[in-house]
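Report on the following structure.
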Amino acid sequence: MCESFNAVLKEVRDKPIITFMEWIRRYVMKRHYDKKVGVQGYEGRVMPFVTKYLKWVDNEARFCTLLPSISGEFEVQHRGVQKAVNLGNRTCSCRHWELSGLPCPHAIVCIRDQREEELDYVDEAYTKATYVKAFEHAIAAMPGYQDWEKVGQVSPLPPPFKKMPGRPKMKKRRREAGEESNGQQKE
Ligand SMILES: [Zn+2]
């Protein structure tokens, strides 16, 4: 998240603090608006990513065979390896389900075997309702700085500029240790 946010800030990173903060506020305001409008076009309970994922899982599930136990657990054979699935706890020994919140192919065959709904086993984080909730907080519109309340304090000014000896530094990012100027890694 930090990396993505930092990449967005690239164009204003060298601006004065108020300009910088205002840019972020306006960016987030627009982003929330775009996300809210964008999601209105989505049909169904889950976000499109899940539908795409389930299509992939559907393909993998063809290579699975299962063996149920009365404990409510299943043994699933998949491409020569065996996994243990527990539908009640929403776990599989491949760990994919616990880590991602999306049922793995092993779990999917078990869900189908029980004639249950696949989407009921997808984590709530992937639902449209959760997505809408994430962007429901509005950033209020506000007038420009000319209309801001005067508080009678001394205006903050930039520190006095002092010319340093030598050639001025070029605006370049600091390279990592061992990184060449062309972006290649040294041995
Ligand atoms: Zn699994």
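The values are calculated or read from the model by the stated rules, or taken from the named source; none is laboratory data. Quick caveat: nothing in here was measured; it's all calculated off a predicted structure. Glycine gets a Cβ as well: all are built from the backbone with ideal geometry, and neighbour counts include every protein chain shown.
A count restricted to the range 20-35 and to residues that are in contact with a helix residue (DSSP H, G or I) (Cβ under 7 Å, 6 or more places away or on another chain) and loosely packed, with under 15 Cβ neighbours inside 10 Å stands at 1. The lone criterion from (1) away from the ligand (no atom under 16 Å from the Cβ); (2) surrounded by fewer than 17 Cβ atoms within 10 Å (Cβ to Cβ); (3) within 20 Å of the chain's Cα centre (by Cα) left unmet by GLY144 is number (3). For beta carbons closer than 8 Å, sequence separation of 6+ or different chains, a first residue in the range 45-56 that is touching a residue at least 60 places away in the same chain (Cβ under 8 Å) and surrounded by 17 or more Cβ atoms within 10 Å (Cβ to Cβ) and a second that is outside any helix (DSSP H, G or I) and hydroxyl-bearing (Ser, Thr, Tyr), the qualifying pairs are VAL46/THR127; MET47/THR127. Of the residues making up the range 106-127, those that are within 20 Å of LYS52 (Cβ to Cβ) and within 13 Å of the ligand (Cβ to nearest atom) are HIS106, ALA107, ILE108, VAL109, ILE111, TYR121. Taking the numbered list (1) surrounded by 14 or more Cβ atoms within 10 Å (Cβ to Cβ); (2) within 24 Å of PHE49 (Cβ to Cβ); (3) touching a helix residue (DSSP H, G or I) at 6+ places or on another chain (Cβ under 9 Å) in turn, PHE74 passes all entries but (2).
HIS106 meets each of the listed conditions (1) modelled with pLDDT of 95 or more; (2) within 18 Å of the chain's Cα centre (by Cα) apart from (2). Within the option set ARG95, ARG173, ARG167, being of a type in the set (Lys, Arg) and at pLDDT 95 or above holds for one residue only, ARG95.
Across the range 83-105, what is the total count of residues that are free of Cβ contacts under 8 Å to residues at least 24 places away in the same chain and near the ligand (Cβ under 8 Å from one of its atoms)?
7
Given the structure, is GLU136 charged (D, E, K, R), assigned to a loop (DSSP other than H, G, I, E, B), at negative phi and under 25 Å from the mean Cα position of the chain (by Cα)? For GLU136, the condition - charged (D, E, K, R), assigned to a loop (DSSP other than H, G, I, E, B), at negative phi and under 25 Å from the mean Cα position of the chain (by Cα) - is met. VAL39: more than 19 Å from the chain's Cα centre (by Cα), more than 12 Å from the ligand (Cβ to nearest atom) and surrounded by 14 or more Cβ atoms within 10 Å (Cβ to Cβ), yes or no? The answer is no for VAL39.
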